[in-house]
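Participant: Attaching a single structure in structure tokens format; questions to follow.
Quick note: the coordinates plus some simple rules give every number you see, no bench work behind them. These numbers come from a predicted model, not from an experiment. For neighbour counting, all protein chains shown are included, and Cβ atoms are generated from backbone atoms with ideal geometry for every residue, glycine included.
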Amino acid sequence: MTLASLTKPWAPMSYGFLDASAKRELRRKMVKAVCVPGCQMPYASREVPMARGWGTGGLQVSLTLINPQTCVKVIDQGADDSVNAASIRRFLSRVSGAPVTLDTLQADLIQSRHRIPEEILREDQVLVLQVPNPEPLRSVQPNMSIARQMHGDADYGRMWLQLYEQIVRSGRVMQGASYPSMVNGRHVMTPSPIPRWDVPKLHMAKHLTILSAGREKRIFAVPPYCRVEPLVFDDVPYRVEDHAGLTCSRSGAKGFFMNEVPQDDGTSAFELSDSEYGVKSIRRAEGDPVDLGDTWYTNGELTK
Amino acid sequence: MTLTLDAPRIVTVDPLLELHGVNKSYGPVVALRNVHATVFPGEVLGIVGESGSGKSTLLRMMNLEETPDSGSYTLDLPDVDGNLFELDRFARRMLCATRIGIVYQNPHLGLLMKHSSSGNVAERLLVAGERRFAVLREKATDALAASEFPLERLDAPPIELSGGMQQRVQLAKAIALEPALLLLDEPTTGLDVSVQALVLDTLKRLQQDRKITMVIVSHDLGVIRTLADRVMVMRRGEVVEAGLADQIFQDPQHAYTQQLVHAKL
């Protein structure tokens with residue numbers, strides 16, 4: 001028996017780019033994160049061939065979860081065709097041999113930056129969100145050691161102070177993205193910079209959401225059928241963006257989260273932020289047989 | 001005409017606050033040596049002493065910010081019992097937030113400088129669990145009004161306010177939850193004399209209106225004389241003399257107290 005017969009043959013890189021120990025680390029921390037919903041788990045974030053802050057956290061989770069049968073979709077601000085999304089999608093496919101898709105319904109693994117797709121995700125789908133700043137308390141408690149103690153004590157009074165300040169200064173809650181939310185009645189998390197529109201989608205969702213911050217080295221998760229409640233005052237209700245009445249200028253779809261497109265004459269047109277849903281709507285209008293899944297919002301109202 | 005006198009009564013009020021045999025040292029430096037203190041409900045206790053005499057350490061212990069090497073601390077309040085130094089962090093925080101108010105010498109310690117003044121007061125209420133915006137707003141305004149803060153500057157951040165105003169915000173924050181005990185750590189040091197007088201006026205009025213039990217630490221005998229009913233003189237971590245304010249100021253017994261009183265006069 002030789003040493004060579006006991007070891008694996010040399011390969012230029014391991015499957016899915018990350019080495020086995022890195023994947024084990026991530027799997028362990030993901031399991032921990034799922035066990036304590038919303039609680040930030042520190043993990044040994046690895047180098048990936050991408051700059052920190054461009055989705056390295058999400059990419060590591062995706063690389064760990066991927067296998068040759070996983071169908072991958074990557075979203076950047078709702079769009080599948082931005083450079084960042086396209087590059088990550090191509091990279092994932094190249095190192096794993098996994099098929100890729102743009103269609104939310106076909107995807108098994110969805111890595112996303114700043115949006116949750118408009119079509120309702122299923123139990124067998126996993127959503128990976130890229131998180132730039134995982135600490136919701138940072139704005140009210142700059143000292144991270146004390147912030148961790150505050151998480152331990154569930155001492156979240158100051159989060160409401162932030163909302164109080166916004167109402168006093170501007171007459172309404174100005175927090176547009178990363179709206180702090182209570183997960184499972186225990187931990188306050190930042191749901192990554194998704195718009196307020198998307199936060200209610202996480203509440204009692206059927207899919208697993210994993211949020212990962214590569215630079216800050218923190219993983220947290222929202223397991224399926226878990227409560228996610230945005231922080232609000234008892235007498236000031238939560239409001240999503242006023243996009244219910246907007247119509248997509250390209251597809252004609254109405255009542256979804258829109259991107260504003262400034263026009264030459266000073267007015268603005270709107271188009272669906274979830275680009276693939278827009279494309280599918282257009283194709284269906286043209287008579288193509290496409291599957292449009294059920295959406296979280298119908299006519300601008302949450303359907304759950 | 002016959003003069004009738006009430007029968008002599010024995011005071012049977014239990015002290016609100018009791019510190020017993022408190023010792024604390026920082027390495028070789030002894031900050032407190034076997035300190036006993038009692039404060040009765042509705043009373044103002046003044047603690048005087050030079051810098052480094054341990055008076056601020058004592059106050060921080062009353063606010064449960066520090067634990068001593070040995071000693072006990074009890075507050076005679078419903079649903080508060082036992083030695084408070086042995087409470088866990090969580091219970092300690094709730095007790096401090098709801099029952100004890102503190103005004104620091106340095107407003108930066110007690111206030112969030114970039115949040116609004118009313119927000120600073122509201123924070124106290126939020127920690128105690130209030131989640132209605134309208135109620136927060138109203139109670140914060142009330143507390144600021146009680147500490148004679150100009151209400152047109154309600155939402156100005158403390159960093160834009162003068163020193164006296166900052167102390168008033170701290171005071172409003174401290175009294176927002178109607179605490180059983182109000183701790184004042186050199187509340188007027190660093191303010192000019194006229195502003196000092198105004199802040200002392202406010203404190204005096206609050207004390208009369210609300211009968212708050214106060215502990216005030218100062219090296220300024222004038223401040224203590226204006227406010228305190230009883231005085232404790234500290235030196236090098238020990239209480240050298242304690243008694244009624246008039247008694248201490250008119251007839252100091254201990255050499256150090258005599259020196260202190262004469263230095264003032």
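Participant: Take every Cα-Cα distance within chain B, group them into 5 Å bins from 0 onward, and report for each bin the whole-number percent of pairs it holds.
Facilitator: All Cα pairs considered, the percentages come to 1, 6, 13, 16, 18, 16, 13, 9, 5, 2, 1, 0, 0, 0.
Participant: Which whole number gives the average count of other chain Cβ atoms within 10 Å of the Cβ atoms across peptide A:167-174?
Facilitator: 2
Participant: With chain A treated as a Gaussian network of Cα nodes joined by springs under 10 Å, which of A:Ala221, A:Ala85, A:Ala269 yields the largest mean-square fluctuation?
Facilitator: Taking springs between Cα atoms under 10 Å, the residue moving most is A:Ala269.
Participant: With +1 assigned to the C-beta of every Lys and Arg and -1 to the C-beta of every Asp and Glu, and no other charges, what is the dipole magnitude of chain A about the Cα centre in debye, to the nearest 20? Spell out each step's value before the answer.
Facilitator: On the way: 36 positive and 34 negative charges, 287 e Å.
The calculation lands at about 1380 debye.
Participant: In nm, to one decimal, how far is the modelled label at B:Asn106 from the one at A:Thr2, with both set 7 Å along Cα→Cβ?
Facilitator: 7.0
Participant: Here's a follow-up. I need the Debye-formula profile for segment B:1-99: one equal scatterer per C-alpha, no solvent, reported as log10 I(q)/I(0) at q = 0.12 1/Å, two decimals.
Facilitator: -0.47
Participant: Once amide H atoms are built 1.01 Å from N in the peptide plane, which residues 5 or more positions from A:Phe270, or in another chain, come under 5 Å H to H?
Facilitator: For A:Phe270, the qualifying residues are A:Ser249, A:Val261.
Participant: Could you give me D for segment A:30-83, from Stokes-Einstein at 37 °C and 0.692 mPa s, where the hydrodynamic radius is the Kirkwood radius over C-alpha pairs? Units µm² s⁻¹, please. Provide the component values of the computation, followed by the final result.
Facilitator: On the way: Rh = 13.2 Å.
Result for D is 248 µm²/s.
Participant: In deg cm²/dmol, rounded to 500, what helix-only [θ] at 222 nm does chain B give when every DSSP H run of at least 4 residues adds -39500 (n - 2.57) and the total is split over its residues?
Facilitator: -11500 deg cm²/dmol
Participant: Shifting gears a bit: Could you name the lysines whose alpha carbon sits less than 29 Å from that of A:Lys73, not counting residues in the same chain fewer than 8 places away?
Facilitator: A:Lys23, A:Lys29, A:Lys32, A:Lys201, A:Lys206, A:Lys217, A:Lys254, A:Lys280, A:Lys304
Participant: Have a look at the DSSP beta bridges in the protein assembly as shown and tell me what percent are antiparallel, nearest 5. List each step's numbers first, then the result.
Facilitator: Values: 44 of 77 bridges.
In the protein assembly as shown, DSSP labels about 55 percent of beta bridges as antiparallel.
Participant: Could you order peptides B:153-163, A:4-14 by the average number of other Cβ atoms within 10 Å of their residues, highest first?
Facilitator: B:153-163, A:4-14
Participant: Also, I was wondering about something else. In Å³ and rounded to a whole number, note down the convex hull volume per residue for the Cα atoms of segment B:115-265.
Facilitator: 126
Participant: In deg cm²/dmol and to the nearest 500, what is the mean residue ellipticity at 222 nm of chain A if only DSSP H runs of at least 4 residues count, each as -39500 (n - 2.57), divided by the residue total?
Facilitator: Values: 8 runs with 83 residues, N = 304.
Result for chain A: -8000 deg cm²/dmol, rounded to the nearest 500.
Participant: Here's another thing I want to ask about it. For segment A:137-177, what ratio Rg/Rh do Cα atoms give with a Kirkwood hydrodynamic radius?
Facilitator: Rounded to two decimals, Rg/Rh equals 1.05.
Participant: Still on this model: When only Cα pairs under 8 Å and 6 or more residues apart are kept, what is the percent relative contact order across segment B:122-265?
Facilitator: Relative CO of segment B:122-265 lands at 16 percent.
Participant: Cα axis of helix B:255-264 to longest principal axis of chain B: angle in degrees, 0 to 90, nearest 10?
Facilitator: Rounded to the nearest ten degrees, it is 50.
Participant: For segment B:50-129, count all C-alpha to C-alpha pairs, find those more than 15 Å apart, and express that count as a whole percent of the total.
Facilitator: Here the tail beyond 15 Å accounts for 64 percent of pairs.
Participant: Which value, in debye to the nearest 20, describes the size of the charge dipole of segment A:137-177 about its Cα centre when Lys and Arg Cβ atoms bear +1, Asp and Glu Cβ atoms bear -1, and nothing else is charged? Walk me through the intermediate numbers first.
Facilitator: On the way: 5 positive and 3 negative charges, 31 e Å.
Value, rounded to 20: 160 debye.
Participant: Taking the Cα centre of the protein assembly as shown as origin and charging only Cβ (+1 Lys, Arg; -1 Asp, Glu), how large is the dipole, in debye to the nearest 20?
Facilitator: Using Cβ point charges on Lys, Arg, Asp and Glu, the protein assembly as shown gives about 1640 debye.
Participant: What per residue convex hull volume, in Å³, comes out for segment B:219-265 when only alpha-carbon positions are used?
Facilitator: Taking the convex hull of the Cα positions in segment B:219-265, it is 69 Å³ per residue.
Participant: Oh, and also: Can you list residues from other chains, or at least 5 along the same chain, whose modelled amide H is less than 5 Å from the amide H of A:Ala221?
Facilitator: It is A:Gly38, A:Cys39, A:Leu211, by chain and number.
Participant: Here is a further query. Kindly count the pairs of lysines across chain B whose alpha carbons are less than 24 Å apart, treating pairs on different chains or eight or more residues apart as eligible.
Facilitator: For chain B, qualifying lysine pairs total 13.
Participant: Report the residue, chosen from A:Ser268, A:Ser45, A:Ser87, that carries the largest GNM mean-square fluctuation when chain A is represented by alpha-carbon nodes joined by springs under 10 Å.
Facilitator: Highest fluctuation of the listed residues: A:Ser268.
Participant: Relative to the longest principal axis of chain B, what angle (0 to 90°, nearest 10) does the C-alpha long axis of helix B:133-146 take?
Facilitator: Relative to chain B, helix B:133-146 is tipped by roughly 40 degrees.
Participant: What do you get when you divide the Cα radius of gyration of segment A:242-299 by 2.2 N^0.38 Å, with N the number of residues?
Facilitator: Rg over 2.2 N^0.38 Å, computed on Cα atoms: 1.15.
Participant: Also, I was wondering about something else. Output needed for segment A:95-225: three equivalent-ellipsoid semi-axes, defined as square roots of 5 times the C-alpha gyration tensor eigenvalues, in descending order, whole Å.
Facilitator: Details: eigenvalues 164, 56, 35 Å².
The answer is 29, 17, 13 Å, longest axis first.
Participant: Between A:Tyr238 and B:Ala128, take the C-beta separation as r, use R0 = 22 Å, and let me know the FRET efficiency to the nearest 0.05.
Facilitator: Efficiency at R0 = 22 Å is approximately 0.45.
Participant: Using the 2.2 N^0.38 Å rule of thumb for compact globular proteins, work out how the protein assembly as shown stacks up: its C-alpha Rg over that value, please.
Facilitator: In units of the 2.2 N^0.38 Å rule of thumb, it is 1.28.
Participant: Ok, one more. Per residue, what volume in Å³ does the Cα convex hull of segment A:103-158 take up?
Facilitator: Convex hull of Cα atoms, per residue: 128 Å³.
Participant: Something else about it: Would you mind giving the mean number of other chain beta-carbons within 10 Å of the Cβ of each residue in B:134-140, as a whole number? Provide the component values of the computation, followed by the final result.
Facilitator: Details: counts 4, 3, 7, 3, 0, 0, 2.
Going residue by residue through B:134-140 and averaging, the value is 3.
Participant: A:Ala86 versus B:His254, label points 7 Å from Cα toward the beta carbon: distance in nm?
Facilitator: 8.1
Participant: Would you list A:Tyr156, A:Tyr225 from fewest to most Cβ contacts within 10 Å?
Facilitator: So the residues, fewest neighbours to most, are A:Tyr225, A:Tyr156.
Participant: OK, next. Just subtract the alpha-carbon distance of A:Ile146 and A:Glu260 from 0.36 nm times their residue separation and send over the number in nm, one decimal.
Facilitator: Full extension of this stretch gives 37.1 nm more.
Participant: Here is a further query. If contacts are Cα pairs under 8 angstrom and at least 6 residues apart, what is the relative contact order of chain B in percent?
Facilitator: 25 percent.
Participant: I've got another one for you. Going out from 0 in 20 Å bins, what whole percent of all Cα-Cα distances in chain A drops into each bin?
Facilitator: Once binned at 20 Å, the Cα pair distances of chain A give 32, 56, 11, 1.
Participant: A further question on this structure: Of A:Glu165, A:Glu241, how do they rank once you tally other Cβ atoms within 10 Å and put the fewest first?
Facilitator: Sorted ascending by nearby Cβ count, the order is A:Glu241, A:Glu165.
Participant: Taking R0 as 41 Å, what FRET efficiency do you get between A:Asp291 and B:Asp88 from their Cβ-Cβ distance, rounded to the nearest 0.05?
Facilitator: Details: r = 56 Å, r/R0 = 1.35.
Using R0 = 41 Å, I get an efficiency of 0.15.
Participant: Pulled fully out, how much extra length does the chain show between A:Arg138 and A:Gln69, if you take 0.36 nm times their separation in residues and subtract their Cα-Cα distance?
Facilitator: That works out to 20.9 nm of additional length.
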